[in-house]
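A short write-up of the structure that comes next.
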């Protein structure tokens, strides 16, 4: 609310000052326009822009091109000197790459994203492959990234989400350790090359253990018999089954639909799949009630 009030007051001051200068021939226009330039360029909007463009538009008819540009440049220089300490962030944001003057969080974030891409290719060419899965190797993926305020301001922070989907026997800690090694040995030294204080933090939002075939034969045979299927397949996605197995509960993943139609535009579930699911649930209830 205060920012909106300040914006309105500043606009009124700029317009009023311009009108007053135009109506008073005896006024020292250079001094008056200089004050207006400081007000206009000193007002910083939420996106990092200023009201300087308003000053230039209003000053051109009275001063001309060269005096207007000279006055604007002088105002920008004065404000840069006054505000040199203001661009250092005082309150770090958790879960992001933090930066102060001389560090670019977006640039370092992109370095880490590139390293994750390189590690993904390492897993593609790994000797540890499992043909039951498509793809048959562990994968890394960066899904979202955002950061920075404007193209002419060093980015204070950058945050991105990445995930690792490991084959059974390849825990999340393996990929997380590789990325952390790059952060510690390469990314963080680059980020703090000119200034101390910035940090890089990785937050593990969820870690889902893979479901393995060991000790699940009884549950698998039951699911195959009730569905009328003759074979079990491996699924390249996460579910709660891995947690159940880790807790000592035999588990299988069985349900309607296909991953081929999920997590994409116009994903769908065929009605026939729901019918088959209901039949399975009734058969399971009958089996357990015996």
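The values are calculated or read from the model by the stated rules, or taken from the named source; none is laboratory data. Just so we're clear, the structure is a prediction, and the values are computed from it rather than from any experiment. Virtual Cβ from ideal backbone geometry, glycine too; neighbours counted across all protein chains shown.
Residues that are assigned to a helix (DSSP H, G or I), touching a helix residue (DSSP H, G or I) at 6+ places or on another chain (Cβ under 7 Å) and surrounded by 13 or more Cβ atoms within 10 Å (Cβ to Cβ): does region 188-199 have at least one?
Yes, because at least one residue in region 188-199 is assigned to a helix (DSSP H, G or I), touching a helix residue (DSSP H, G or I) at 6+ places or on another chain (Cβ under 7 Å) and surrounded by 13 or more Cβ atoms within 10 Å (Cβ to Cβ).
Have a look at 213, 232, 238 and point out the one that is at pLDDT below 85, touching a helix residue (DSSP H, G or I) at 6+ places or on another chain (Cβ under 7 Å) and surrounded by 12 or more Cβ atoms within 10 Å (Cβ to Cβ).
Answer to the check: 232.
Residue 218: loosely packed, with under 11 Cβ neighbours inside 10 Å and in a helix (DSSP H, G or I), yes or no?
yes
If a residue must be touching a strand residue (DSSP E or B) at 6+ places or on another chain (Cβ under 9 Å), in contact (Cβ under 8 Å) with a residue 60 or more places away in the chain and either in the same structural domain as residue 239 (by TED's automatic domain parsing) or farther than 19 Å from residue 199 by Cα (or both), how many such residues does region 134-166 contain?
The number of residues fulfilling the criteria is 1.
Of all the residues that make up region 171-187, how many are buried (at least 17 other Cβ atoms within 10 Å of the Cβ) and in contact with a helix residue (DSSP H, G or I) (Cβ under 8 Å, 6 or more places away or on another chain)?
Looking only at that region, the number is 6.
State all residues of region 103-115 that are touching a helix residue (DSSP H, G or I) at 6+ places or on another chain (Cβ under 6 Å) and assigned to a helix (DSSP H, G or I); if no residue qualifies, say none.
108, 111, 112, 115
Hey, any hits in region 273-289 for a residue that's over 30 Å from residue 177 (Cβ atoms), assigned to a loop (DSSP other than H, G, I, E, B) and out of contact with any strand residue (DSSP E or B) (no Cβ under 6 Å at 6 or more places or on another chain)?
yes
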